[in-house]
Amino acid sequence: MKGQIVKIVSDLHYVKYENSVYPCKCRGYMRHEHILPLVGDYVLFDTEKLVIDRIEPRKNCFKRPKVSNIDQAFIITSLVVPDFSLNLLDKFIIHMELNHVEPIIIITKGDLVDDMNKFDEDLEYYKKIGYKVLFNTELDEISKLLKDKVSVFTGQTGAGKSTLINKLDSTYDIEVGEVSLALGRGRHTTRETSMYELCGGLCIDTPGFSALDLGDYSKEEIRDAFIEFKNYNCEYRDCMHKNTDNCGVYEAVLDNNILKSRYINYLKFIGDDYNES
Ligand SMILES: Nc1nc2c(ncn2[C@@H]2O[C@H](COP(=O)(O)OP(=O)(O)OP(=O)(O)O)[C@@H](O)[C@H]2O)c(=O)[nH]1
Ligand SMILES: [Mg+2]
Ligand SMILES: [Zn+2]
């Protein structure tokens, strides 16, 4: 049979086929060849022996979060506890861009913020360059985006990924971090990656993390994943947009047309520092 992995707990792979879920192990050759199934994988499996024979070719796959065959990624981004991090947000966006998965930014904990004005400029900028930015209170809008798609909820631990799934579908009661504990650092509530039927689509809840490594990507790839840079012309075709003459991107930073934090993050991600000159 051909089913889809909806959850993995150590060496048990829960494969959904029609309306049942089968806990399966992998064939020995897969373990020996280090072929690791991911949540989202389509697999050929035996419903009697409960063994996965092979993984069907993937549309895409990620090491972090550990998922495959994704249409879009919701980057769940908290404004406070954990603090708003443009660095992490840009990293998540670049990571998704480089895997050709649309990132959608979901802002949480707006209710805990006294002065929303200080976030407006940043959030508007991401909208201006073409990203969808929604608050976790906009349930109807989020629900429409989920329909008929395979989505992953990713983002920092404690940002509110599992809470949002529970809000979108009240039949779910996924464990969420306690408020008092969530204020502290390093508490990971969701430990397993699990797929849920949500708002007419499929949604994968993932364990949060607070760091993401872009080390697998080249500097050029990272540059090209900053989508707004291509709106500006440089004299040099392969310009890395450092403070060179006739670099349209650098000029746009100086003219405040490119958000400075985006540019600073770009330099950080390619291993450089920003020097004000
Ligand atoms: N005030 C407020 N609290 C929220 C909001 N969203 C989530 N929370 C709280 O934040 C805490 C963490 O939420 P979770 O849903 O467990 O966060 P998570 O992203 O799933 O975290 P991990 O599973 O550890 O990755 C919980 O106490 C939630 O009740 C929000 O918009 N406003
Ligand atoms: Mg969670
Ligand atoms: Zn340039």
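The values are calculated or read from the model by the stated rules, or taken from the named source; none is laboratory data. Only a predicted model underlies this, so the values are computations on that prediction, with no experimental measurement involved. A quick note on method: Cβ atoms are made from the backbone with ideal geometry, for glycine too, and the neighbour counts reach across all protein chains shown.
Scanning segment 146-154 for residues that are closer than 15 Å to F74 by Cβ, touching a Leu at 6+ places or on another chain (Cβ under 6 Å), surrounded by 13 or more Cβ atoms within 10 Å (Cβ to Cβ) and in the same structural domain as I107 (by TED's automatic domain parsing) turns up at least one hit.
Each row is one residue, and each column tells you yes or no for (1) over 25 Å from V150 (Cα atoms); (2) surrounded by fewer than 14 Cβ atoms within 10 Å (Cβ to Cβ).
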{"site": "Y14", "(1), (2)": "no, no"}
{"site": "E18", "(1), (2)": "no, yes"}
{"site": "P23", "(1), (2)": "no, yes"}
{"site": "C26", "(1), (2)": "no, no"}
{"site": "L36", "(1), (2)": "no, no"}
{"site": "E48", "(1), (2)": "yes, yes"}
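Each residue in segment 194-223 was checked for being at pLDDT 95 or above and within 16 Å of ligand 1 (Cβ to nearest atom), and 8 of them qualify. Of all residues in segment 92-121, which are under 16 Å from K63 (Cα atoms) and of a type in the set (D, E)? Within segment 92-121, just E97 meets the criteria. Here N87 passes the criteria (1) in contact (Cβ under 8 Å) with a residue 60 or more places away in the chain; (2) in contact with a helix residue (DSSP H, G or I) (Cβ under 6 Å, 6 or more places away or on another chain); (3) closer than 19 Å to S162 by Cα except the one numbered (3).
Figure legend. Inter-residue proximity from segment 155-173: first residues away from ligand 3 (no atom under 16 Å from the Cβ), second residues charged (D, E, K, R) and outside any helix (DSSP H, G or I), beta-carbon distance below 6 Å, spacing 6+ or different chains. Indicated pairs: K161/D205; S162/D205; I165/D205.
For segment 36-54, which positions are more than 12 Å from M1 (Cα to Cα) and either of a type in the set (D, E, K, R) or modelled with pLDDT of 95 or more (or both)? Lay out the reasoning, then the answer.
First, pick out the residues of segment 36-54 that are more than 12 Å from M1 (Cα to Cα): 36-41.
Those that are more than 12 Å from M1 (Cα to Cα) and either of a type in the set (D, E, K, R) or modelled with pLDDT of 95 or more (or both): P37, L38, V39, G40, D41.
Among the residues of segment 51-83, the one identified as outside any strand (DSSP E or B), without any contact (Cβ under 8 Å) to a residue 40 or more places away in the chain and in contact with a strand residue (DSSP E or B) (Cβ under 7 Å, 6 or more places away or on another chain) is R58.
Please tell me if T137 is more than 21 Å from A211 (Cα to Cα), within 13 Å of ligand 1 (Cβ to nearest atom) and either in contact (Cβ under 8 Å) with a residue 60 or more places away in the chain or polar (S, T, N, Q) (or both).
Numbers: more than 21 Å from A211 (Cα to Cα): yes; within 13 Å of ligand 1 (Cβ to nearest atom): yes; either in contact (Cβ under 8 Å) with a residue 60 or more places away in the chain or polar (S, T, N, Q) (or both): yes.
Spelling it out, T137 is indeed more than 21 Å from A211 (Cα to Cα), within 13 Å of ligand 1 (Cβ to nearest atom) and either in contact (Cβ under 8 Å) with a residue 60 or more places away in the chain or polar (S, T, N, Q) (or both).
Note on segment 95-130: among residues that are of a type in the set (A, V, I, L, M, F, W, C) and within 13 Å of F74 (Cα to Cα), the one that is farthest from the chain's Cα centre (by Cα) is I107.
Answer yes or no as to whether K16 is at negative phi, assigned by TED's automatic domain parsing to the domain that holds Q156 and in contact (Cβ under 8 Å) with a residue 12 or more places away in the chain. Spelling it out, it is not the case that K16 is at negative phi, assigned by TED's automatic domain parsing to the domain that holds Q156 and in contact (Cβ under 8 Å) with a residue 12 or more places away in the chain.
For D238, the conditions (1) assigned to a loop (DSSP other than H, G, I, E, B); (2) within 22 Å of the chain's Cα centre (by Cα) all hold with the exception of (2).
Return a yes/no flag: does segment 68-76 have any residue that is in contact with a Phe, Trp or Tyr (Cβ under 6 Å, 6 or more places away or on another chain), outside the structural domain of T193 (by TED's automatic domain parsing) and crowded, with 19+ Cβ neighbours inside 10 Å. Walk me through it before giving the result.
From segment 68-76, those in contact with a Phe, Trp or Tyr (Cβ under 6 Å, 6 or more places away or on another chain) are 74-76; that's our starting set.
Those left that are additionally outside the structural domain of T193 (by TED's automatic domain parsing): none.
No, the conditions are met nowhere in segment 68-76.
Among the listed residues E228, E220, E192, which satisfies the condition of being of a type outside the set (A, V, I, L, M, F, W, C), more than 12 Å from ligand 3 (Cβ to nearest atom) and surrounded by 15 or more Cβ atoms within 10 Å (Cβ to Cβ)?
Details: E220 fails: surrounded by 15 or more Cβ atoms within 10 Å (Cβ to Cβ); E192 fails: surrounded by 15 or more Cβ atoms within 10 Å (Cβ to Cβ).
When all the criteria are applied, what remains is E228.
Of the residues in segment 157-179, not one is at pLDDT 95 or above, surrounded by 12 or more Cβ atoms within 10 Å (Cβ to Cβ) and more than 16 Å from ligand 2 (Cβ to nearest atom).
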